[in-house]
Amino acid sequence: MTWVGLIIALAGALGYALGAALQQYEAVAEGASFRLVRRPRWWIGGIIGFTGACLHAVALSFAPLVAVQPISVATLVFAVPLAAFMYGRKPYRAEILGSLAVAVGLLWLMLLVPQHNVIPRLSNGAALGFVAVIGLIVLITQLIANRVHGPNKALLMSVGAGAVTASVSTFVRVVGGGMQGDWGRLLHWFTIAVPVLLVCAVVLLQRSYAVGYFGIAYAGVQVVDPITSVLAGAILLGEPLPTSPSTAIPALLASALTIGGTITLGRLTPDHSHPAPVKVVPAARPVTATSEVT
């Protein structure tokens, strides 16, 4: 059954990557606006990406997390070449190396986190405080992003999107893991918060995609999401963090690898689905002999 889970996880990873590449292509073409809802390819990308996320959840019922998570992290390696294909070009060598570095570094960090079986419990006050912190992160990153350009803008926006996505994962963990067979626990504002935060994450992600630097935008979300989720689990839900001194050096190496890959992706040139319009300067109107006659 583990092999079944791995195959499902691989299909989900490919679907999530393809969906992200399709949506980024449309976001660059139309900008992060309501015009996207009129683009069939953007909807197709969203449906494919959502299906990929659902397949990832199904895979966890057949295979353990330590087996499924490496395939999930590998979505970055799939997504960047797919995005390049959308623009009719081959992926750059730096794109491949940067994607591999981020994926390996992030996977390494995730493997250092100890396994846990803690039943998640979250009070209303702690949940509201968590949402406020996430909102503050989004506000700060968006304000700074409005003052910068290029890959820095894409990265800052993806940090906000990744933080909100992590909040979705946290509330899903609390609602799903805390049910304990009692469906009545779904009647809580935590359940309503999930789709609301998910919509916010999608909007922020499209704004990040629209800048044109898909590699750095996608990598930013892939890094911020799990790290924020792990921190939220440790601080709010009592889940353990790696505390052994033997994990310090591996964690530093994994972090350096992830940061190095992110910097590599950030140095790439942006993709644009349409060439920049050429400003045409009208020629001066010739002066005729008759026009000089008074």
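The values are calculated or read from the model by the stated rules, or taken from the named source; none is laboratory data. Just so it is clear, the structure is predicted and the values come from calculations on it, not from any experiment. We place every Cβ from the backbone using ideal geometry, glycine too, and count neighbours over all the protein chains shown.
Residues checked against (1) part of a helix (DSSP H, G or I); (2) within 18 Å of V196 (Cα to Cα):
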| position | (1), (2) |
| --- | --- |
| L128 | yes, yes |
| V131 | yes, yes |
| L143 | yes, no |
| V148 | no, no |
| N152 | yes, no |
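Among the numbered conditions (1) more than 24 Å from K153 (Cα to Cα); (2) at pLDDT below 85; (3) touching a helix residue (DSSP H, G or I) at 6+ places or on another chain (Cβ under 9 Å), the only one that G181 does not meet is (3). Quick one: is V104 assigned to a helix (DSSP H, G or I), at pLDDT 80 or above, of a type in the set (A, V, I, L, M) and within 16 Å of the chain's Cα centre (by Cα)? So V104 fails the test. Comparison of S229, S208 shows that the only residue that is in a helix (DSSP H, G or I), over 10 Å from the mean Cα position of the chain (by Cα) and in contact (Cβ under 8 Å) with a residue 40 or more places away in the chain is S229. Across the stretch 68-101, the qualifying residues are those that are polar (S, T, N, Q) and surrounded by 22 or more Cβ atoms within 10 Å (Cβ to Cβ), and the one among them that is modelled with the lowest pLDDT is S72.
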